[in-house]
2 protein chains.
Amino acid sequence: MTQQYSRRNLDFMLKEVLQIAELTKYPFFQDYTPDMFDMVLDTSEEIAEKILRNAYSDADRNQPQLVNGQVKVHPAVKDYIKAMGDAGMIGATFSYENGGQQLPTMVEAATEMIRGAANNAFVMFTGLTAGSANLIFTFGSAELKEKFASRMITGEWTGSMCLTEPQAGSSLSDVITTAKPQSDGTFKIKGQKVFISAGDHDIADNIIHLVLARIEGAPLGTKGISLFVVPKFREENGSFTVDNDVISTGIYHKMGQKATPAMHLTFGDKDNTIGYLVGEANKGLNYMFQLMNEARLGVGMGGTYIASAAYYASLEYAKERPQGRKLKNKNLEEEQTYIINHPDVKRMLLFQKAVVEGSLGLLLECYHWQDMIHALGKTSEESKPYQLMLDLMTTVAKTYPAEMGIKAVNEGLQVFGGYGYTEDFPLEQMARDVRIMSIYEGTTGIHSLNLLGRGITMNNGKAPQLLFNEITQTIQQANTYDDLKPYAEKLEKELGRLQKVTMYLLSNAAKGDNEVFLADANLYMEFFGIVSVAWVWLKQGIVAKKALITQNHEGSELAFYESKIHTMKFFYHYELIKTLTLATRLTDPTLLTVDSEKQQVFQ
Amino acid sequence: MTQQYSRRNLDFMLKEVLQIAELTKYPFFQDYTPDMFDMVLDTSEEIAEKILRNAYSDADRNQPQLVNGQVKVHPAVKDYIKAMGDAGMIGATFSYENGGQQLPTMVEAATEMIRGAANNAFVMFTGLTAGSANLIFTFGSAELKEKFASRMITGEWTGSMCLTEPQAGSSLSDVITTAKPQSDGTFKIKGQKVFISAGDHDIADNIIHLVLARIEGAPLGTKGISLFVVPKFREENGSFTVDNDVISTGIYHKMGQKATPAMHLTFGDKDNTIGYLVGEANKGLNYMFQLMNEARLGVGMGGTYIASAAYYASLEYAKERPQGRKLKNKNLEEEQTYIINHPDVKRMLLFQKAVVEGSLGLLLECYHWQDMIHALGKTSEESKPYQLMLDLMTTVAKTYPAEMGIKAVNEGLQVFGGYGYTEDFPLEQMARDVRIMSIYEGTTGIHSLNLLGRGITMNNGKAPQLLFNEITQTIQQANTYDDLKPYAEKLEKELGRLQKVTMYLLSNAAKGDNEVFLADANLYMEFFGIVSVAWVWLKQGIVAKKALITQNHEGSELAFYESKIHTMKFFYHYELIKTLTLATRLTDPTLLTVDSEKQQVFQ
């Protein structure tokens, strides 16, 4: 069976690089011992093997259909959600109080890597359900928690996030769905929501929509948005059987990730949709950010785990496919060599590996910060640096894995040649599936504006300062190993270059022209992502180096650590150097996208 | 109706940049006046409007099926081929002697741009038919020409090229299909061919396969390959009705370009497939190179015209889709602005435009060289420089538009946000369609080996020397305009950098290690492509600048020329600078893909 992820690498990341054993010293995680995490991963492997893998291509070829107002999804989705609910995996990272198991989010991410590599579309259902439930647990009333959230984490019901409207995609300021207060404290909801993933299906008795809407008379813009729980079926006499007038108006047929229905939903067409306010009025978008940020890291994971599955599939193919002869040996009497022996194929494979393990490293840093916040307490002073870094890097850890995941899967397909373009191999589906990642939860363009326009500058630049300190510490550590010193020096140089470019851009901002300042934010994001991933690669390199020095490894363990260092080097020699071009453009004063308001540039 | 290509730009390229009127001074083209070319383009526009566009998405959603050994394709394919045959367009570039119209290949390429932008999959049928017929006309006997080729250019029959076998994709040395001589001078053919585009269908009475096979006892490798005409139905008593034992064993279901069936064909399963030798035995691959090279430029065109259709679709969307507000104006009381007003969207649009018009420019240079060879005579001394440049650049003009076309369509999809991922807009299909271009007719990896390993070095580097002279002339011309001088200087610097990198790599070759020499050939190709396209952009810039200086243009004409110069600048400021990173890697002696034969690098 084709490998889809590296369990050894997950262990390396959790135990060796991020030292998860340290986490268990904090009271919040004290009930865990590291071997318990192994069991959690084992459970995910079982679910992936028994349910997710088998349905991957079948669910793509038999996509959900909207029939008589009801969406029917692939039957294996139900098996998956049941298995996840039974295993207590849906809300596993939640506090005991909220029905969770206080599992580190790092471990949850590792399980997602395993499940998502097998079937990225199905994982959406549980991810959205957990995120929606968590939103209710964090900001909702006791009643909402008990009635809705507690039934979501068991897998009995699922959840969805309803933000986007036809006229308000990237611009949430322009949400116009309305909420009309009723005398009983509930609200009547009316409006259209589009692209609602898992917004309808036939595998659970109820769907709990988390809906952004405006209460009548609320201020314009994001300050007038409130958050509502809107079930598909509402309660009457203790049972949730009353049709809540949430209509499945349409289903989008998509390029990929077909097994997750993306819905156009209409609320209140018959003026009969009841919603329940979460928390305070007009604070809805602030609340929603919790779910959005979780979902953003989830999208980064999506880029990573699809790229992981593509990497191992193309690696297997490269090892088994004979084609051509080595350039040193053109003897036609000899049999053809395997394509893995061609340097260009090795380059494509190493690129994929560098992207997958680099992206995972970056994401796990974020999850580690999240765990430190859980460990130290969200309101404590000690957790603030982690919160700042997490806020800054969520946007990068969403975007780099998404953009580079798309490129990596593309290279995986290329390894297969013509076969990669056919349905005989999974690569064409993976390429279609992964393409959404740079669009989901804010496009790359939006996140880039976010990073440069907000992340870098907020709190007087405290967040990037904290991150750069972390990077500098890694550089100092690496400098103590002769082999790693050249890479530490490279990273130091690039970090300096990034800081210089940042200063240059901020000097533009100081001139007051935000459009000029942010014109190439997308390229700044690319630069920032590359340097960040170079950092996590150096961290991995240090741990691998230490392991090789301190122990006498053999066989697969020796190969694992050597491969780590080799791939780290590959990243530095092939990827990190992209900063040269990016820095050149970012400090080039010639404006070509801002200067002309004239649309006739486009002929 | 959404624009899919720019007729104005085709006119600009043919008439102003490549001065097609000059061609008509040569006897071969003397029957043409420039306005006749306009009529040819008009005819293509009509075919595109009436047949191709309408069937584009329908033929994707109703892909060919293999039923009882016979492939059924979309019925509009038949209309298309009939229209092309009736208009005399299939073999239009052939000599009068071969039933053609001696149309310049530049003009044929322009018509292909029009047709392909409307429906890239259908265009494959006529392209392959023309190429196969041309192969017979060039190398076949009078009998083969009359019996087969003459019926192909009318559209009565179609053609296919049968090279690839399950064990021989990129490695044609390993073709094992056999040809057994019969007493009547024909051959019995036996073997498997895979990925045969348009290899079976139900829209013509016969399909003429051009098949590579080995005559018993032939030498190993490419020197033992012969070329055969193998019809689906062979002749008996003057009519072609005898089943020639060519079996449609399977049809590949593909990610995109679904309307063109890719076939697995079995020849001689019942030992009853008759083939007719083309030209001399064992020279088949040499012959086939004519068709392969034509097809390679066709694939480059494929990347270009799909990217063109994607560019105009995303441009239209960007002009009509309101979302967000300008960064200078966050007044929520005002209506949202169109996304074309966001700098990052302009960047994505300019990128697409720069790729489309740059790729087209590069391809038309190649077609112009082809036309000069036709004009001067293939065997004349004067045509040799054109032949050398054409041989060198075919591989680049295939690869740059393929690779960059994929990226450009990807950006087009991104402009649409979530809508781009749905079947409601054509971008998702275009993204699937264009993905094959870096694989068709030799993968990017193969072409890169070809460029660096053969193109650069053959004839003591005569070909790159000729090309570099052309580039230098363009630089000198550009230097005479103040506005263009900075760009001339940039190109001069980059040409110098390319030459330096080339020398560095050749010094590796001189050390005798071909694997080291060619390890990063792929990146060399990217470098070479960027500099080549910078050259054709500067040429276009010069012509636009001249037009602006010499005439007092207004309105759309003024906008057209200004847009040309703006897009040229964009290419230089955003794309040409990628050479910095590429040169760094290409001159970095650290080997990471060659050094280890060990496969355990990949964990």
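Side notes on the structure shown:
- Scan of the range A:324-350 for residues that are over 17 Å from B:Gly453 (Cβ atoms), in contact (Cβ under 8 Å) with a residue 40 or more places away in the chain and facing chain B (nearest Cβ under 7 Å), ordered by number: A:Leu349, A:Leu350
- Residue count for the range B:478-502, restricted to those that are part of a helix (DSSP H, G or I) and more than 17 Å from B:Tyr572 (Cα to Cα): 4
- Here A:Gly217, A:Gly221, A:Gly238 are screened, and the one residue that is touching a Ser or Thr at 6+ places or on another chain (Cβ under 9 Å) and of a type in the set (Gly, Ala, Ser) is A:Gly221.
- Verdict on B:Val355 being part of a helix (DSSP H, G or I) and either over 27 Å from B:Leu538 (Cβ atoms) or within 14 Å of chain A (Cβ to nearest Cβ) (or both): yes
- On inspection, A:Glu492 qualifies as within 29 Å of the chain's Cα centre (by Cα), open to solvent by 60 Å² or more (accessible area, probe 1.4 Å) and more than 30 Å from A:Leu592 (Cα to Cα).
- Yes/no for B:Ala168 being on the phi < 0 side of the Ramachandran plot, small (Gly, Ala, Ser) and modelled with pLDDT of 95 or more: no
- Considering the conditions (1) away from chain A (no Cβ under 14 Å); (2) open to solvent by 10 Å² or more (accessible area, probe 1.4 Å), B:Phe228 is excluded by exactly one of them, (2).
- Those residues of the range A:552-602 which are in a loop (DSSP other than H, G, I, E, B), open to solvent by less than 50 Å² (accessible area, probe 1.4 Å) and touching a helix residue (DSSP H, G or I) at 6+ places or on another chain (Cβ under 7 Å), in sequence order: A:His553, A:Leu576, A:Ile577, A:Asp588, A:Thr590, A:Leu592, A:Thr593, A:Val594, A:Phe602
- Considering residues of the range B:289-333 that are among the polar types (S, T, N, Q) and open to solvent by less than 40 Å² (accessible area, probe 1.4 Å) only, the residue farthest from the chain's Cα centre (by Cα): B:Gln323
- In the set (1) over 30 Å from A:Lys330 (Cβ atoms); (2) open to solvent by 10 Å² or more (accessible area, probe 1.4 Å); (3) within 14 Å of chain A (Cβ to nearest Cβ); (4) β-branched (Val, Ile, Thr), B:Thr480 fails one condition alone, (3).
- Of everything in the range B:170-193 that is out of contact with any helix residue (DSSP H, G or I) (no Cβ under 8 Å at 6 or more places or on another chain) and among the aliphatic types (A, V, I, L, M), the residue that is surrounded by the fewest Cβ atoms within 10 Å (Cβ to Cβ) is B:Ile176.
- Selection status of A:Ala521, at the interface with chain B (Cβ under 9 Å from one of its Cβ atoms), of a type in the set (A, V, I, L, M, F, W, C) and within 30 Å of A:Gln540 (Cα to Cα): yes
- Yes/no for B:Gln540 being free of Cβ contacts under 8 Å to residues at least 12 places away in the same chain and more than 9 Å from chain A (Cβ to nearest Cβ): no
- The range B:386-441 - residue that is surrounded by fewer than 23 Cβ atoms within 10 Å (Cβ to Cβ), assigned to a helix (DSSP H, G or I) and among the hydroxyl-bearing types (Ser, Thr, Tyr) and, of those, nearest to the other protein chains (Cβ to nearest Cβ): B:Tyr419
- Looking only at residues in the range A:372-385 that are of a type outside the set (A, V, I, L, M) and in a helix (DSSP H, G or I), the one that is nearest to the chain's Cα centre (by Cα) is A:His374.
- Residue within the range B:234-252 that is within 24 Å of B:Thr126 (Cβ to Cβ), open to solvent by 10 Å² or more (accessible area, probe 1.4 Å) and within 14 Å of chain A (Cβ to nearest Cβ) present: yes
- Cross-chain or 6+ apart pairs with Cβ under 8 Å, the range B:4-21 first and surrounded by fewer than 20 Cβ atoms within 10 Å (Cβ to Cβ), then not in a helix (DSSP H, G or I): B:Arg8/A:Gln603
The values are calculated or read from the model by the stated rules, or taken from the named source; none is laboratory data. A quick note: this is a predicted structure, and the numbers were derived from the prediction, not measured. So basically every Cβ, Gly included, is an ideal-geometry build from the backbone, and we count neighbours across all protein chains shown. Surface accessibility is based on the protein's heavy atoms, side chains included, excluding ligands, DNA and RNA. Shrake-Rupley method; radii C 1.70, N 1.55, O 1.52, S 1.80 Å.
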